[in-house]
Each structure stands twice: as C-alpha cells, then as structure tokens.
Amino acid sequence: MSILQEMQEAVISGNAGKVKECAEKAVAESIEVSAILNDGLIAGMNVIGVRFKNNEVYVPEVLVAARAMHAGMAVVKPLIAAADIQEKGTVVIGTVKGDLHDIGKNLVMMMLEGAGYKVIDLGIDVLSEKFVQAVEEHKPDIVGLSALLTTTMTQMKATVEQLQPYRNRVKVMVGGAPVTQKFADEIGADAYAPDAASAVDKAQELLAS
C-alpha cells in the first residue's frame with residue numbers, strides 16, 4: 001500500500017497519529033503537496049462523506065475522521081502557501097442571530113475543509129451585519145447560513161436581504177433541521193443542503209453555475 005493510500009485509510013478510520021506520521025513521511029519523501037492533499041487527506045474525507053450520506057457512518061465517526069484529517073493538514077499547511085495551491089473556493093459560514101446551535105454548522109465546515117475549501121467560521125448567534133462585513137472582508141464565493149430553531153429562520157430571510165447588494169458575486173446556501181427547499185426558495189437562497197455531505201455537493205454545483 002502506498003503512503004497516500006495508508007494516509008487515506010487512516011483518515012477513514014480516524015487514526016490521527018497515523019495520519020500525521022504518513023503526512024510527515026510523504027513530505028520527507030518529497031511527494032507533491034497537492035497529491036498529499038487530494039490523494040490522501042481529501043480522498044479519505046470523501047469516502048467518509050459518501051458513507052455519512054448513506055447512513056453507513058454517523059456524526060461521531062465524521063468528527064473523528066475530521067480530527068485525523070486536521071492532524072495531516074497541520075503538517076502540510078506550511079507547504080501549501082509555498083506550493084501556491086488554489087483552494088476550490090472560500091465559504092463564510094455561521095449560525096444566524098438568536099441561534100446557539102453549532103454541531104450541524106461544524107460538520108458542514110469539516111466536510112467543506114475536507115473537500116478542499118477555505119472556510120471562515122463566524123460562529124453562532126451571528127448578526128446579519130456580521131455576514132455582510134465578512135463578505136466585504138473575505139470576498140467569499142459562498143455564504144452558508146445555519147439555523148436549528150424555527151424561531152430563528154426569519155433571521156435567515158433578513159440576512160439574505162442584507163446580502164442582496166453582493167448577490168452578483170456571492171451565492172447563499174442555507175441549512176438546518178427546520179429548513180426546507182421550499183423555505184430556501186421563498187427567501188431567495190441559491191441552495192439548500194439537508195445535511196453536511198450534501199453541502200459539499202451543493203457548493204460544487206454553485207461554483208460550477
């Protein structure tokens with residue numbers, strides 16, 4: 001088994017120590033950073049994403065795999081800038097004002113990072129204005145809005161309205177337990193993701209459109 005296959009398997013099994021060891025070995029062997037990322041770390045998270053979508057693994061396994069992936073990322077991160085690797089895109093994400101839930105949002109972040117996106121996390125209870133500031137500062141491709149309470153869904157609508165002046169260059173994706181495709185359409189969002197694995201697919205669709 002090649003070092004990158006070993007790394008991929010270690011990500012899937014959530015073995016952070018092994019992933020770090022494989023990443024260090026790959027760097028020592030002068031394997032290209034893009035190969036370490038794509039064929040080792042991201043490939044492993046892609047497998048987890050598919051299994052998660054098919055209900056073959058659950059949230060704990062995803063969290064453990066993501067932690068293992070980050071152990072490898074920590075090794076190669078200093079080399080990414082030097083290798084001038086382009087991220088797939090930038091996503092600003094946050095849970096809307098009044099909502100303190102972040103498990104779903106964090107899962108989406110991990111999946112997006114695992115798929116090669118740069119993710120800027122605004123946290124929980126995020127004001128519409130803060131999303132606008134983040135768009136101006138980071139120039140993302142996508143803004144992700146999360147809500148777990150039906151009472152905070154109105155904040156999604158308010159945030160989409162505030163982002164209106166930027167919609168020619170930024171796409172809005174929404175998700176969370178009470179959110180539906182119908183609601184996403186009503187508030188003018190560009191995409192709705194029912195779960196973290198779907199969010200990656202939707203992000204790819206949005207960037208391709």
Flag if Ile93 is outside any loop (DSSP other than H, G, I, E, B), under 9 Å from the mean Cα position of the chain (by Cα) and either buried (at least 20 other Cβ atoms within 10 Å of the Cβ) or not polar (S, T, N, Q) (or both): yes
Subset of the range 112-138 [within 29 Å of Gly44 (Cα to Cα), in contact with a strand residue (DSSP E or B) (Cβ under 9 Å, 6 or more places away or on another chain) and assigned to a loop (DSSP other than H, G, I, E, B)]: Tyr117, Leu122, Gly123, Ile124
Condition met for Gly123 (touching a Lys or Arg at 6+ places or on another chain (Cβ under 9 Å), closer than 30 Å to Val57 by Cα, surrounded by fewer than 19 Cβ atoms within 10 Å (Cβ to Cβ) and not aliphatic (A, V, I, L, M)): yes
Wholly within the range 1-55, helices (runs of 4 or more DSSP H) carrying at least 2 residues that are within 13 Å of Gly114 (Cα to Cα): 3-13, 43-53
Near pairs, Cβ below 6 angstrom, 6+ apart or cross-chain, from the range 156-179 (part of a loop (DSSP other than H, G, I, E, B)) to any residue that is polar (S, T, N, Q) and at pLDDT 95 or above: Gly176/Ser146
Pairs, first in contact (Cβ under 8 Å) with a residue 40 or more places away in the chain in the range 82-105, second aromatic (Phe, Trp, Tyr), C-beta under 9 Å, six or more apart: Lys88/Tyr117; Gly89/Tyr117; Thr90/Tyr117; Val91/Tyr117; Val92/Phe131; Gly94/Phe131; Val96/Phe131
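The values are calculated or read from the model by the stated rules, or taken from the named source; none is laboratory data. None of the values given here were measured: they were computed from a predicted structure. Quick reminder, even Gly has a Cβ in these numbers, built from the backbone with ideal geometry, and neighbours come from all protein chains shown.
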